[in-house]
There are 2 protein chains.
Amino acid sequence: MSTPAIPRRLPRAVREQQMLDAAVRVFSRRGYHAASMDEIAEQAGISKPMVYAYLGAKEELFVACLHREGTRLMEAVARIVEPDLPVDEQLWRGLRAFFAFVGAHRDGWSVLYRQARGQEPFAAEVAAMRGRLVEIVAGLLGRAVEAVGHRAARPADLTAMAYALVGVAESLADWVVEHTDEDPEVTATRMMNFVWLGADDLLRGRSWRPVS
Amino acid sequence: MSTPAIPRRLPRAVREQQMLDAAVRVFSRRGYHAASMDEIAEQAGISKPMVYAYLGAKEELFVACLHREGTRLMEAVARIVEPDLPVDEQLWRGLRAFFAFVGAHRDGWSVLYRQARGQEPFAAEVAAMRGRLVEIVAGLLGRAVEAVGHRAARPADLTAMAYALVGVAESLADWVVEHTDEDPEVTATRMMNFVWLGADDLLRGRSWRPVS
DNA sequence: CCGTAATGTTACGCGTGAGTAAGTTACCGT
DNA sequence: ACGGTAACTTACTCACGCGTAACATTACGG
């Protein structure tokens with residue numbers, strides 16, 4: 001009648017995930033430099049050399065965090081969006097998935113966007129990811145313009161508009177992080193209203209879809 | 001006929017500005033932690049103990065940078081905006097001033113927004129500044145809604161909308177930083193079009209004001 | 001013209017935290 | 001049951017960079 005006594009030794013794959021969990025938590029709390037490898041190891045319930053053995057030095061570890069969180073985010077969104085839908089519907093779906101993800105992975109979001117964008121070795125990588133996203137959105141907008149039957153807009157105009165869209169999403173992601181109580185879906189609705197209709201219509205009381 | 005031989009010793013006020021200039025440059029390039037006091041001193045053309053004598057330890061120095069750049073930005077915008085103008089006109093003026101400032105002070109913007117928001121001792125202060133700005137914008141929107149003669153909107157709705165607006169501005173500030181060649185005024189126009197009209201109208205070819 | 005305060009320098013102490021060497025214990029296939 | 005390997009630890013080294021003590025020099029008011 002001895003409980004199987006959970007093994008003190010765990011397989012590598014499991015430990016790696018525990019380490020990444022701990023690292024994301026600590027990086028997001030302290031910031032890249034202030035975070036110490038010792039604290040990360042402690043949080044992971046393991047000793048420091050194991051972290052080095054499995055995930056390498058601090059920089060590599062941070063990149064691993066970035067990569068995991070970034071991939072998770074992209075997949076969460078990609079899973080939901082279906083091509084060949086009208087643009088507003090695609091936006092709506094993508095945004096719901098995005099805010100839901102941020103709401104459920106605050107620390108990951110913080111590492112990705114609050115930390116990495118400033119710290120020099122990583123800023124470039126995040127900028128690249130963001131750039132790809134902006135171009136995807138710009139492409140979407142381009143197709144939408146064609147569909148409505150207009151002359152093709154200048155690429156710079158579309159890219160700038162995509163920049164703005166992505167910016168709104170990032171900013172409202174902070175809103176989601178700060179307002180724990182509010183349903184991410186409500187935030188997605190707010191964004192759709194704002195972005196799709198514009199301030200002019202909005203101030204006049206119109207809405208793309210009611211907020212709640 | 002001896003040129004007055006610029007004095008090697010300079011008054012405190014001048015040195016302090018040189019130091020802050022150097023600090024902003026180095027902080028923006030390297031990030032808070034990676035920036036070394038030695039490099040800042042060297043960039044300022046002075047030795048390290050002088051920096052400590054005039055502006056204190058690293059944290060105090062960074063706060064001083066934050067404060068100077070933040071104040072400059074606020075003043076640049078406040079100087080332009082006049083109350084009692086219609087909301088869209090106020091937005092337009094404020095945005096022109098904002099993007100012009102960012103275009104002329106890239107490093108300052110980077111320190112303020114890319115660095116400070118992640119680094120723990122400072123994140124709170126920046127968040128507070130940003131929060132005040134959001135509330136100002138929200139107040140503006142509230143007055144606009146009343147002016148159009150609607151029932152007062154819920155505060156949370158206005159604040160969220162202000163969040164989104166500020167987010168667009170921040171994001172397009174990055175656009176300005178990256179596209180050195182483009183006139184900041186063009187960026188301000190892009191933002192007005194996007195924010196005021198919304199994607200729906202915009203994709204159909206309408207515009208608040210042509211881009212160029 | 002001289003003292004004194006402001007401006008400036010060189011050279012160092014010292015904590016902190018990244019990264020590692022060497023050794024130990026549990027697990028697992030044969 | 002018994003090698004061998006994967007999981008794990010303790011206990012260091014060492015560089016880096018913040019902050020300072022102690023000292024030098026120029027300006028300038030009285």
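The values are calculated or read from the model by the stated rules, or taken from the named source; none is laboratory data. Here the structure is a predicted model, which means the values were calculated and not measured. Please note: Cβ atoms are built from the backbone with ideal geometry, for glycine as well, and neighbour counts cover all protein chains shown. What goes into the accessible areas is simple: the full protein's heavy atoms, side chains included, and nothing from ligands, DNA or RNA. Shrake-Rupley method; radii C 1.70, N 1.55, O 1.52, S 1.80 Å.
Just one residue in the set A:Arg204, A:Arg190, A:Arg132 is over 25 Å from the mean Cα position of the chain (by Cα) and basic (Lys, Arg); that residue is A:Arg204. Of the residues making up segment A:109-126, not a single one is surrounded by fewer than 17 Cβ atoms within 10 Å (Cβ to Cβ), within 11 Å of another protein chain (Cβ to nearest Cβ) and either modelled with pLDDT of 95 or more or not in a helix (DSSP H, G or I) (or both). Scanning segment A:55-69 for residues that are aliphatic (A, V, I, L, M), within 16 Å of DNA strand D (Cβ to nearest atom) and either within 14 Å of chain B (Cβ to nearest Cβ) or surrounded by 17 or more Cβ atoms within 10 Å (Cβ to Cβ) (or both) yields A:Leu55, A:Leu61. When the criteria are applied in full, B:Gly167 fails the requirement of being within 10 Å of chain A (Cβ to nearest Cβ), among the small types (Gly, Ala, Ser) and surrounded by fewer than 18 Cβ atoms within 10 Å (Cβ to Cβ).
Rundown of residues vs (1) open to solvent by less than 60 Å² (accessible area, probe 1.4 Å); (2) within 11 Å of DNA strand D (Cβ to nearest atom); (3) outside any helix (DSSP H, G or I), yes/no style:
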site	(1), (2), (3)
B:Arg8	no, yes, yes
B:Ala13	no, no, no
B:Leu20	yes, no, no
B:Val24	yes, no, no
B:Phe27	yes, yes, no
B:Ile40	yes, yes, no
B:Ala53	no, yes, no
B:Thr71	yes, no, no
B:Met74	no, no, no
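Can you confirm whether B:Leu141 is over 30 Å from A:Phe27 (Cβ atoms) and at the interface with chain A (Cβ under 9 Å from one of its Cβ atoms)? Judged against the criteria, B:Leu141 is a match. Apart from one condition, A:Val177 fits all of (1) among the hydrophobic types (A, V, I, L, M, F, W, C); (2) free of Cβ contacts under 8 Å to residues at least 40 places away in the same chain; (3) open to solvent by 10 Å² or more (accessible area, probe 1.4 Å); the exception is (2).
Of all residue pairs spaced 6 or more apart or on separate chains, those with beta-carbon atoms under 6 Å, a first member in segment A:73-93 that is more than 14 Å from every other protein chain (Cβ to nearest Cβ) and of a type outside the set (Val, Ile, Thr) and a second member that is assigned to a loop (DSSP other than H, G, I, E, B) and open to solvent by 30 Å² or more (accessible area, probe 1.4 Å) are A:Arg93/A:Val81. Screening the candidates A:Ala35, A:Ala44 for the property of being farther than 29 Å from A:Ala188 by Cα, crowded, with 18+ Cβ neighbours inside 10 Å, out of contact with any Lys or Arg (no Cβ under 6 Å at 6 or more places or on another chain) and within 14 Å of chain B (Cβ to nearest Cβ) yields one hit, A:Ala35.
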